[in-house]
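What follows is calculated from the coordinates using simple rules that are stated; it is not laboratory data. Keep in mind that what you see is a predicted model, and the values were worked out from it rather than measured. When we count neighbours, we look across all protein chains shown, and the Cβ atoms used for this are built from the backbone with ideal geometry, even at glycine.
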Amino acid sequence: MNMFQNLKYITTAVAVALIANIASAQTTEEDKLNGGTITVVKAYDPSVADAFKVKSTPQLNDTTKIQKKAVTYSIFSVPVASTFTPAKGKLSRLKPRQRPTYYDNYARLGFGNYGNIVAEFAGNIEVDKDSDFGIFLNHNSSLGGIDEVLLDDSYLDTALDLSFGHRSRSASYSITAGARYQGANLYGVNPFFTQQLINQDLDDKDVGVNYLSYGLGGNLDFFDSVFKSLQAKVTGITSNMDGSEIRAMIEPQLAFDIEGTEVELGVSVDYLSGSFDDQGRLPAQTNYSYVSSGINPSINLYGDLYKVELGATVNYLSDIENSDGQLNIYPDILATYKLLDDQIIAYTQIYGGLDMNSLQQFADENVFLAPAIDIKPTNRVIDAQLGLKGKITNNVGYKFYGGYKKENDRYLYTKDVGRVIAAQAPKDELGNVFFTEYADVATTFFGGSLSVDISSKFNMTLNGRSMNYDVTNAADIENTASQLPEFTADVVGTYQITDKLDIGTTVYFVGERDVYRTGLGVESLDSFVDLNVDANYKINPRLTVFLRGNNLTGGNYQYYLDYPVQDLQVLGGAVYKFDF
């Protein structure tokens, strides 16, 4: 893909955004609740976005934070300060502005076409002045009905988090328990079977798959101690296709000064073990167990014009099933230098690390998995980036960069052709499931972002990234960068029309992708632009109504091979805030 093609894609994404006039990021009310500070260590990452399509708002981390006594509380809006002009020739007394009302809890309910339902509940109960209890419930489901899909394409995704947090003068801690149920259907069959399925009675054709994940975690933070923090969690997942997995992690962190130099020392132990009792059509590993142990020392150096975080990670991976081990050392470096105040800042980051892939990660990313898949860690040898960032004006910021990433045993999604006769095929042997293949992938990438924040009423961010892949040690899939896009772009933002009404859009573009189908070879997926628009009207401080339009331009595009997504979706509902 050349530069002119990439420029065309960027122009397309921007044009769609301008037609919509705005671009918006999704905001959830739980981020704005007042009450005690509670950090939820999730065993999963529930999303309000419609399932089985690219999430329009990337998740930046795996925590949900409820902040105590925010300055303002509002749903999808930013209060605008009122102005007062006294009449000429008269003395006037400024009346105090009415303070906004705060609520500790909210409930959301929305309904849409395709039988889509979205429901949320977030609450925060103050146990005492230093302790809080939090609850978050998320439900997202659909009856399905995608055009030309022969099998059931309904889905269900429900998650619950419970947490308790306590804060004292010297430390704070939080404990969280969570569970999530994912139900879906393997409706993306190989087109070869279409005519065979048309001639069958499909009412009794069960292609359902489900995953149940759970977790328990905790955080301990010290405010004035060498021992800085401790994070620990245990998570697990099971499937109705006889797959199961458990994972346990602990990460203590120390921080101290040596002659004025900041020094940090992180330690991590990550245990992962799982099994598959049902092998499916293509055999995979039956059992897997890994232990990853690492230590990460680093120092922070500061100057008037520069900042350097200099560190390294020493990691030892133990493959228990194969009685094997591997020692790796990775760089951990971040440096910035001000070339021209805040207008031009040069930066570089050189990272690396061991990425512990898991069934839970794959099920969250792509629920259409085979009963058994190969699972092993990815050795991220180097992940380097060099670029410039800064401010063009006080309201406009930018970032441009280029980089190189080398990954050994990088996972790739592939499909197979399925059985010859569909009538005799089990639900996962219709060419409708994904397997994992591993390859060594070297990625060269270039990208940039531009952010515009004109006022509290309008903001917009544009991102674009171009990737070129060099795949080796994957002869079985013809060294194909299967399912990886060569270009992505997104535009997000918000525009507040009045203190009661705001609208927003999210636009994102995903370029063409090659996908390898075992038995046939490489197939291509078309690029697409997906436009999402929402409007929110605040009736009163407690009640807000909303209307969303999703996938307004994409049609039944396929992000995963043979899996078309729902076309134009309209969903409306209300959010109600209250106190117990």
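With a ≥ b ≥ c taken as the square roots of the eigenvalues of the C-alpha gyration tensor of region 383-534, please select rounded if a/c is under 1.5 and otherwise prolate if a/b is larger than b/c or oblate if it is not?
In terms of gyration-tensor shape, oblate.
Using the Cα coordinates of region 359-428, the gyration tensor eigenvalues translate into equivalent-ellipsoid semi-axes of 42, 17, 11 Å, sorted from longest to shortest. Approximating the spin labels as points 7 Å out from Cα along Cα→Cβ, the Thr158-to-Ser170 distance works out to 4.4 nm.
A DSSP coil position with no more than 12 other Cβ atoms inside 10 Å describes none of the chymotrypsin sites (Phe, Trp or Tyr not before Pro) in region 366-406. Sites listed here are chymotrypsin sites (Phe, Trp or Tyr not before Pro) in region 177-263 whose DSSP assignment is loop and whose Cβ has at most 13 other Cβ atoms within 10 Å: Phe223.
Let me have the relative contact order for region 108-578, percent, based on Cα pairs under 8 Å that are six or more residues apart.
Working: 1291 pairs, mean separation 46.4, N = 471.
Reported as a whole number, the value is 10 percent.
Indicate the gyration tensor shape class of region 132-256 (rounded, prolate or oblate), computed on the Cα atoms with a ≥ b ≥ c the square roots of the eigenvalues: a/c under 1.5 is rounded; otherwise a/b larger than b/c is prolate and the rest oblate. Prolate is the answer for region 132-256, as a/c is 1.5 or above and a/b outweighs b/c. Listed values for region 520-536 are Karplus-derived 3J(HN,Hα) couplings in whole Hz (6.51 cos²θ - 1.76 cosθ + 1.60, θ = phi - 60°), namely 10, x, 8, 10, 10, 10, 6, 6, 7, 10, 10, 10, 10, 10, 9, 9, 9, and x replaces Gly and Pro. For a paramagnetic label modelled on Phe445 (point 7 Å from Cα along Cα→Cβ), amide N atoms under 11 Å away belong, within region 368-383, to 383. By the compact-protein rule of thumb, 2.2 N^0.38 Å, the alpha-carbon radius of gyration of region 108-578 corresponds to a ratio of 1.08.
Length gain on complete extension for the stretch Val127 to Asp324, per 0.36 nm per residue less the alpha carbon to alpha carbon distance?
Numbers: separation 197, 0.36 × 197 = 70.92 nm, distance 4.93 nm.
Answer, rounded to one decimal: 66.0 nm.
Amide hydrogen proximity for Ile320: with H placed 1.01 Å from N in the peptide plane, the residues at 5 or more positions away or on another chain lying under 5 Å are Ser289, Tyr290, Val291. With 0.36 nm allotted per residue and the present C-alpha distance subtracted, the Asp579-Glu365 stretch has 73.5 nm of extension available. The trypsin sites (Lys or Arg not before Pro) of region 164-262 that DSSP puts in a loop, and whose beta carbon has at most 13 other beta carbons within 10 Å, are Arg169. Converting phi to 3J(HN,Hα) with the Karplus coefficients 6.51, -1.76 and 1.60 and the offset θ = phi - 60°, region 359-371 yields 4, 4, 4, 5, 5, 6, 7, 8, 6, 8, 9, 5, x Hz in sequence order, with x at every glycine or proline.
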